[in-house]
Amino acid sequence: MTANLWTASNLAMEGEVVHEYEGFIGWVLSLMTTLGEPGVGVALFIETFFPPMPSEAVLPGAGFLAYDGHMNVWLAILWATIGCLVGAWGFYAIGALLGRDRTKWLVEKTPLLEVEDFYKAERFFARFGGLAVLLGRCVPLVRSFISVPAGIERMPILKFSVYTVIGSAVWNSIWIGLGYAFGPAIKPILVQWSGLISNIVLVVIALLFLWFVIARVRKLLKARSADNAPTL
């Protein structure tokens, strides 16, 4: 009897999210509610390999759901940090297994990636050493690539994991905390305007992604033209 009441209560809570919030925002919040705290970790794992979906857009939503009673804020931070750590292990493994030259070649051959991103992470790691792994978790793009030079240099995996967990936990706590703290101000706006805000968010995301693609393609074409230009 108690189990049935608990299940019914959960279903009602999930249905409430879908009913209250419309459009893309309603879909995202409903998806996170359905997956629960582990869904936050999955989103952060995907963000490691797909930078156009930034954690800054995902984590406040988890914080808002925690404020709204659909998620535990501490479990959300924990799972977000686990997702970051697993994603970081993936890039660490790439660097460790392939080495510098083959990793650089892979970056050069991957569409929409610039070798300068690789160099930037490499310089950052060379300057700060192991501390770069901790600091890099708070820098867009670098937070994904910083694991690669750590793997190439065979930084001790335990030390790498500790730095990654600390940096990720701080970053995740800040953004989830903001969503939680501003929940009282956000909720009435989302209840009334979630449909309109969803359309604006989708347009902004599409424009940013289009700008990202065009900018990357132009840089790659320019670099290729410079490489093929005849030398006098």
**Study point:** Qualifying residue in the range 109-117 (condition: farther than 25 Å from I214 by Cα, part of a helix (DSSP H, G or I) and open to solvent by 50 Å² or more (accessible area, probe 1.4 Å))
**Key:** no
Check your understanding: Quick check: is even one residue across the range 30-42 closer than 16 Å to G177 by Cβ, part of a helix (DSSP H, G or I) and modelled with pLDDT of 80 or more?
Key -> yes
Point to revise | Flag if I176 is assigned to a helix (DSSP H, G or I), surrounded by 13 or more Cβ atoms within 10 Å (Cβ to Cβ) and modelled with pLDDT under 80 | key: no
Exercise for review: Could you grab me the full set of residues in the range 75-131 that are of a type in the set (S, T, N, Q) and touching a residue at least 24 places away in the same chain (Cβ under 8 Å)?
Suggested key: T81, T103
Study note, to complete from the structure: Residue count, the range 136-162, condition in contact with a Gly (Cβ under 7 Å, 6 or more places away or on another chain) and open to solvent by 60 Å² or more (accessible area, probe 1.4 Å), comes to 1
Practice item. Can you work out which of the residues in the range 213-226 that are of a type outside the set (G, A, S) and modelled with pLDDT under 70 is nearest to the chain's Cα centre (by Cα)? Key: R216
Practice item. May I ask you to verify whether A76 is part of a helix (DSSP H, G or I), crowded, with 17+ Cβ neighbours inside 10 Å and among the aliphatic types (A, V, I, L, M)? Key: yes
Check your understanding: What are the residues in the range 189-206 that are under 19 Å from the mean Cα position of the chain (by Cα) and modelled with pLDDT of 75 or more, if any?
Key -> V204, A206
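The values are calculated or read from the model by the stated rules, or taken from the named source; none is laboratory data. Since the model is a prediction, treat every value here as computed from it, not as a measurement. Neighbour counts are summed over all protein chains in view; Cβ atoms, including those assigned to glycine, are modelled from backbone coordinates with ideal geometry. SASA here: full protein model, heavy atoms, side chains in, ligands and nucleic acids out. Shrake-Rupley method; radii C 1.70, N 1.55, O 1.52, S 1.80 Å.
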